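Asker: Here it is, the structure in full.
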Amino acid sequence: MKDDSPRPTHLSDYSVPAWLVDSVRLTFRLDPEKTRVISKIDFRPNPASDSREFFLHGEGPTLQWARIDGHEVTPEVTETGLSCPVPDAPFTWEAEVEINPAANTALDGLYLSGGMYCTQCEAQGFRRITYYPDRPDVMAPFTVRIEGDADAAPVLLSNGNPLDSGPGWAEWHDPWPKPAYLFALVAGDLVAHSDSFTTRSGREVALNVWVRPDDADKCAFAMESLKKAMAWDEEKYGREYDLDLFNIVAVDDFNMGAMENKGLNIFNASAVLASQETATDARFERIEAIIAHEYFHNWTGNRITCRDWFQLCLKEGLTVFRDAQFTADHRSAPVKRIGDVIDLRARQFAEDAGPLAHPVRPESYVEINNFYTATVYEKGAEVIGMLKTLVGDAAYSGALDLYFDRHDGQACTIEDWLKVFEDATGRDLSQFRRWYSQAGTPHLSVEEHFADGIYTLTFEQHTPPTPGQPEKAPQVIPIAVGLLGPNGDEVQPTRVLEMTQARQSFTFEGLGARPVPSILRGFSAPVIVQRDTDADERAFLLTHDTDPFNRWEAGRDLARAGLMRMAREGGGPDTGYLDALAAVLDDDTLDPAFRALLLARPGQDDIARALYEAGHTPDPQAIFHAADRFGAALADHLGDRLGDLHAAMQVPGPYRPDAADAGRRDLGNAALALLTRLDGGAAARAQFDGADNMTQQLGALSALMAQGLGAGENAAFEAQWRNERLVMDRWFALQVAHARLDAAPARAAELTARDDFNIRNPNRFRAVFGALAGNAGGFHAASGAGYDLLADWLIRLDPINPQTAARMVAAFQTWPRYDARRQAQIKTALTRIAAAPGLSRDTTEMVTRILAGAGDAA
């Protein structure tokens, strides 16, 4: 029988391109259903290659004609591309193809979004536009002419600098060589929010944020964020912008957050548009971070790109690390770090612990779109952070300068990146390289001994097996440690211990008494620390630790331990923890945003993971009820403090989305959520009625809905914002997030029947089904209704938008945690998806990987 299963691509199979490209000239004659793309490409043989095979990728374009050096040729065309005999010398390839943007619901390549033409070419979307060597190590300057209906699309944009334009046409030239995945085109009825930035060398750069006319009042913050990012990159990394123009475009239908196309960044509208009435503080911060991230790619991703898609972490890990630095510098560094770790543990640790585990640099893939993961992005950033910790700030800065000088204009590998650091610092990074090749989260067990003023910490590292990697070698782990005396004073400031062995000891001398260790300060490595501690020591660290992360971690550990016990045994939280938390909340010297993080309890998925790691089978319903009892006990214990705290955190004067005001609102809303348990929603209703910004309005509505209250406010919110699509995404998500247990799948199903639910819009689909997957008690309902509903809709979505469908399949990856009945239900749901006729490569790969694990457990 013929095996039609998708074939994997392996890192070990890489070979250099047979042909290089000197220049690309494209002409687009736009039409919703019959766009013509004419290409003229100058090729030359690659002297580094022994092959002269000529193959151009192409998936979907209809070839009209092709020429080589002006002579008609008849290439052999397949579903994946074309091949043709060519001269063994430089030549010019010309071709014309026809494509149908209106039919492109996958949002990959050239497509229509509400009448606007736009592109998404990373990772392999350009091959849906025309025939081309669509691989990141083929780089060339592009010249583009766009022709279209001047009334329907008066604004015509592409990469680089404008050359000329007139009614219904425009020409652009990008002088910087780039791979095809960075190509971009936008055409539509748009207006610009314009400004400028003067670089440190004195060049003036024109800046535009392009949006639909109705969104013109929601662009100012995005523009200010862009200017902040440009200034910061000059100051911190010495990187100056290199074109005369920088454009951002907001698009409603977009699979990701944003795309760093050279000079023409295309953004999901949710990552650009904001006003105090329509966006929360968290949305403002997200916009600031994403705009910075995409801008920083100009150097770490565009000027220096990746040789092949296995090196994706090279550009993404580094750029995530840089945008985290940016946010830390502009907001609260401890709060940013804690938030990043919460996200890492929720998303990336889950990948590492399940059937989707893969190294930061994978060894193979079936569909590269499935490796835009938390492991590649967030763990990739953690690896950069560890490297910086090990070599020090000055050496890191020197190595980055060398990286930019040595590799500007190149497509690089992880080996190139690490060689720069070896050359700049003299360090041997061969063992450190395992962080890129070895999957899984290391577990770090701790033993301690004290005698005669000498304190010894002994660490042992163990990384559990992951798919395809049963054996693990020791990693280099930077462990930041501080020591506290019995009275709470710090007797050993932070010291970074460099662990390189499977088991290794470190000593601290000259101590007058047995210290209390503060281990993994600042979360100095993405590991799981396993150390037996009691509630008294955690409460001590919560009160006295000088490291903000570990202070928060101590409170989190106390809350997690209490919730785990309550889920298994019943009862209530430890009063010692409640007292310690109350004392910290009363400390007005602490950042309100930090206190809000302390007040937030671990999520239900966090508790399920912790129970599973402790050898228990988590019961999602028991965890839900434990969390509810925990919140009630916390509210009762804090009592009148909550009303006082809520009142004290109100921010007078005009709304500002800065860190200080946002932190106060965050703590105030955290207090309000607990206060609503005590006052029947009185304070929340008052806040909802008087709110002049979305943070306060949504915070009040969430507090009410979490307690089964606020039906009137919920209806009023919907009526007020029914025409604001991004606000309505939040409303859809709230309905599912606050549905209790078995009601969550039913509520999600009701929402999909509404006229304003649109399966073709990724934001709306994720609003409903992302919220369902995040509602642990509801998604894992004993009936299996959550699994069945998601499977039904993924089967419907896959032929429309395989990328979004495949990414949502990851909701099933935590199957090993649960009981045999739920595992069987998940397997049934996945099997149904796998059996769907014509299932995409994207979704097939994800389902197959998860099923491989689910089948073993069944």
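The values are calculated or read from the model by the stated rules, or taken from the named source; none is laboratory data. Since the model is a prediction, treat every value here as computed from it, not as a measurement. All Cβ positions, glycine included, derive from the backbone under ideal geometry; neighbour counts span all protein chains shown. What goes into the accessible areas is simple: the full protein's heavy atoms, side chains included, and nothing from ligands, DNA or RNA. Shrake-Rupley method; radii C 1.70, N 1.55, O 1.52, S 1.80 Å.
Asker: Confirm whether Glu447 is surrounded by 15 or more Cβ atoms within 10 Å (Cβ to Cβ) and in contact with a strand residue (DSSP E or B) (Cβ under 7 Å, 6 or more places away or on another chain).
Answerer: Details: surrounded by 15 or more Cβ atoms within 10 Å (Cβ to Cβ): no; in contact with a strand residue (DSSP E or B) (Cβ under 7 Å, 6 or more places away or on another chain): yes.
Against the criterion (surrounded by 15 or more Cβ atoms within 10 Å (Cβ to Cβ) and in contact with a strand residue (DSSP E or B) (Cβ under 7 Å, 6 or more places away or on another chain)), Glu447 does not qualify.
Asker: Something else now. Checking the condition closer than 30 Å to Pro802 by Cα, among the acidic types (Asp, Glu) and at pLDDT 95 or above, which residue from Asp755, Asp661, Asp692, Asp679 passes?
Answerer: Numbers: Asp661 fails: closer than 30 Å to Pro802 by Cα; Asp692 fails: closer than 30 Å to Pro802 by Cα; Asp679 fails: closer than 30 Å to Pro802 by Cα.
Exactly one residue qualifies, and that residue is Asp755.
Asker: Moving to a separate point now. Within region 717-766, count every residue that is free of Cβ contacts under 8 Å to residues at least 12 places away in the same chain, of a type in the set (A, V, I, L, M) and more than 19 Å from Asp788 (Cα to Cα).
Answerer: Qualifying residue count, region 717-766: 1.
Asker: Please specify each residue of region 285-331 satisfying the condition of being among the aliphatic types (A, V, I, L, M) and either closer than 14 Å to Lys379 by Cα or touching a Gly at 6+ places or on another chain (Cβ under 8 Å) (or both).
Answerer: Pass one, region 285-331, residues among the aliphatic types (A, V, I, L, M): 287, 289-292, 304, 312, 314, 318, 320, 324, 328.
Residues satisfying the conditions are Ile290, Ile304, Leu312, Leu314, Leu318, Val320, Ala324.
Asker: In region 586-595, how many are touching a residue at least 40 places away in the same chain (Cβ under 8 Å) and open to solvent by 10 Å² or more (accessible area, probe 1.4 Å)? Break it down into steps so the answer makes sense when it comes.
Answerer: So the first thing to find is which residues in region 586-595 are touching a residue at least 40 places away in the same chain (Cβ under 8 Å), and the list is 586, 591-595.
Okay, now just the ones that are also open to solvent by 10 Å² or more (accessible area, probe 1.4 Å), so 586, 591-594.
Count: 5.
Asker: Which of the residues spanning region 113-157 are open to solvent by 10 Å² or more (accessible area, probe 1.4 Å), more than 29 Å from the chain's Cα centre (by Cα) and under 24 Å from Leu312 (Cβ atoms)?
Answerer: The one that is open to solvent by 10 Å² or more (accessible area, probe 1.4 Å), more than 29 Å from the chain's Cα centre (by Cα) and under 24 Å from Leu312 (Cβ atoms): Pro141.
Asker: Would you call Ser12 among the hydroxyl-bearing types (Ser, Thr, Tyr), out of contact with any strand residue (DSSP E or B) (no Cβ under 8 Å at 6 or more places or on another chain) and within 30 Å of Thr843 (Cβ to Cβ)? Show your work before the answer.
Answerer: Working: among the hydroxyl-bearing types (Ser, Thr, Tyr): yes; out of contact with any strand residue (DSSP E or B) (no Cβ under 8 Å at 6 or more places or on another chain): yes; within 30 Å of Thr843 (Cβ to Cβ): yes.
It is true that Ser12 is among the hydroxyl-bearing types (Ser, Thr, Tyr), out of contact with any strand residue (DSSP E or B) (no Cβ under 8 Å at 6 or more places or on another chain) and within 30 Å of Thr843 (Cβ to Cβ).
Asker: When region 176-227 is examined, which residues are found to be in a strand (DSSP E or B), open to solvent by 50 Å² or more (accessible area, probe 1.4 Å) and polar (S, T, N, Q)?
Answerer: Ser194, Thr198
Asker: Going through region 295-337 one residue at a time, which ones are of a type in the set (D, E, K, R) and either free of Cβ contacts under 8 Å to residues at least 40 places away in the same chain or closer than 25 Å to Ala525 by Cβ (or both)?
Answerer: Filtering region 295-337 down to residues of a type in the set (D, E, K, R) leaves 303, 307-308, 315-316, 322-323, 329, 331, 336-337.
Lys315, Glu316, Arg322, Asp323, Asp329, Arg331, Lys336, Arg337, listed by residue number.
Asker: Additional query: For region 546-560, indicate whether the set of residues that are over 17 Å from Pro334 (Cα atoms), acidic (Asp, Glu), at pLDDT below 95 and open to solvent by 40 Å² or more (accessible area, probe 1.4 Å) is non-empty.
Answerer: Just the residues of region 546-560 that are over 17 Å from Pro334 (Cα atoms), to begin with: 557-560.
With acidic (Asp, Glu) added as a condition, the list becomes 557.
Filter once more, keeping what is at pLDDT below 95: none.
For region 546-560, residues over 17 Å from Pro334 (Cα atoms), acidic (Asp, Glu), at pLDDT below 95 and open to solvent by 40 Å² or more (accessible area, probe 1.4 Å): absent.
Asker: Take residues that are touching a residue at least 40 places away in the same chain (Cβ under 8 Å) and tell me which of the helices (runs of 4 or more DSSP H) falling wholly in region 597-715 contain 3 or more. Can you show your working first?
Answerer: Details: elements: 604-613, 620-638, 640-648, 659-679, 682-690, 694-706.
Here the list reads 604-613, 620-638, 640-648, 659-679, 694-706.
Residue by residue, here is whether (1) part of a helix (DSSP H, G or I); (2) over 14 Å from the mean Cα position of the chain (by Cα); (3) closer than 18 Å to Lys236 by Cα; (4) among the basic types (Lys, Arg) holds:
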| residue | (1), (2), (3), (4) |
| --- | --- |
| Asn255 | no, no, no, no |
| Ile266 | no, yes, no, no |
| Phe284 | yes, yes, no, no |
| Ile287 | yes, no, no, no |
| His293 | yes, no, yes, no |
| Asn302 | no, yes, no, no |
| Leu312 | yes, no, no, no |
| Glu316 | yes, no, no, no |
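Asker: So, one more: Any residue in region 76-98 that is free of Cβ contacts under 8 Å to residues at least 12 places away in the same chain and farther than 19 Å from Ile129 by Cβ sitting within a Cβ distance under 7 Å of a residue that is in a strand (DSSP E or B) and open to solvent by 20 Å² or more (accessible area, probe 1.4 Å)? List the pairs, counting only those 6 or more apart or interchain.
Answerer: Glu76/Ser83
Asker: Is it the case that Val360 is assigned to a loop (DSSP other than H, G, I, E, B) and surrounded by 18 or more Cβ atoms within 10 Å (Cβ to Cβ)?
Answerer: Values: assigned to a loop (DSSP other than H, G, I, E, B): yes; surrounded by 18 or more Cβ atoms within 10 Å (Cβ to Cβ): yes.
Judged against the criteria, Val360 is a match.
Asker: Which residue is surrounded by the fewest Cβ atoms within 10 Å (Cβ to Cβ), if the candidates are limited to region 504-535 and must be charged (D, E, K, R) and at pLDDT 95 or above? Break it down stepwise before answering.
Answerer: Filtering region 504-535 for residues charged (D, E, K, R) gives 509, 514, 521, 531-532, 534.
Subsequent filtering for residues that are at pLDDT 95 or above retains 509, 514, 521, 531.
Details: Glu509: 9, Arg514: 15, Arg521: 22, Arg531: 15.
The qualifying residue surrounded by the fewest Cβ atoms within 10 Å (Cβ to Cβ) is Glu509.
Asker: If we scan region 570-593, do we find a residue that is more than 22 Å from Ala353 (Cβ to Cβ), within 30 Å of the chain's Cα centre (by Cα) and part of a helix (DSSP H, G or I)? Please lay out each step first, then the result.
Answerer: Taking region 570-593 and keeping what is more than 22 Å from Ala353 (Cβ to Cβ), we get 570-593.
When the remaining residues are screened for being within 30 Å of the chain's Cα centre (by Cα), the result is 590-593.
Checking which are part of a helix (DSSP H, G or I) leaves us with 592-593.
The answer is yes; a qualifying residue exists.
Asker: To continue, here is another question. For the list (1) more than 13 Å from Leu772 (Cα to Cα); (2) open to solvent by 30 Å² or more (accessible area, probe 1.4 Å); (3) touching a helix residue (DSSP H, G or I) at 6+ places or on another chain (Cβ under 7 Å), I need the number of the one condition that Ala716 fails.
Answerer: For Ala716, the failing item is (3).
Asker: Out of everything in region 835-854 that is small (Gly, Ala, Ser) and open to solvent by 30 Å² or more (accessible area, probe 1.4 Å), what residue ends up being nearest to Gln124 (Cα to Cα)?
Answerer: Keep residues of region 835-854 that are small (Gly, Ala, Ser), which gives 835-836, 838, 840, 852-854.
Those left that are additionally open to solvent by 30 Å² or more (accessible area, probe 1.4 Å): 835, 838, 852.
Working: Ala835: 26, Gly838: 20, Ala852: 27 Å.
Per the stated criteria, the residue is Gly838.
Asker: Within region 717-735, track down each residue that is over 21 Å from Arg685 (Cα atoms) and in a helix (DSSP H, G or I). Outline the logic, then answer.
Answerer: Step one: list which residues in region 717-735 are over 21 Å from Arg685 (Cα atoms), which gives 723-726, 729.
Residues satisfying the conditions are Arg725, Leu726, Asp729.
Asker: For residues that are surrounded by 19 or more Cβ atoms within 10 Å (Cβ to Cβ) and under 17 Å from Leu794 (Cα atoms), tally how many sit in region 727-746.
Answerer: The number of residues fulfilling the criteria is 1.
Asker: Criterion first (within 16 Å of Trp731 (Cα to Cα), part of a helix (DSSP H, G or I) and open to solvent by less than 40 Å² (accessible area, probe 1.4 Å)) does Gly770 satisfy it? Reasoning before the result, please.
Answerer: Details: within 16 Å of Trp731 (Cα to Cα): yes; part of a helix (DSSP H, G or I): yes; open to solvent by less than 40 Å² (accessible area, probe 1.4 Å): yes.
Yes.
Asker: How many residues, within region 462-477, are in a strand (DSSP E or B) and surrounded by fewer than 20 Cβ atoms within 10 Å (Cβ to Cβ)? Quick ask: steps written out before the conclusion?
Answerer: From region 462-477, those in a strand (DSSP E or B) are 462, 466, 469, 477; that's our starting set.
If we keep only those that are surrounded by fewer than 20 Cβ atoms within 10 Å (Cβ to Cβ) too, we end up with 462, 469.
Adding up the residues that qualify gives 2.
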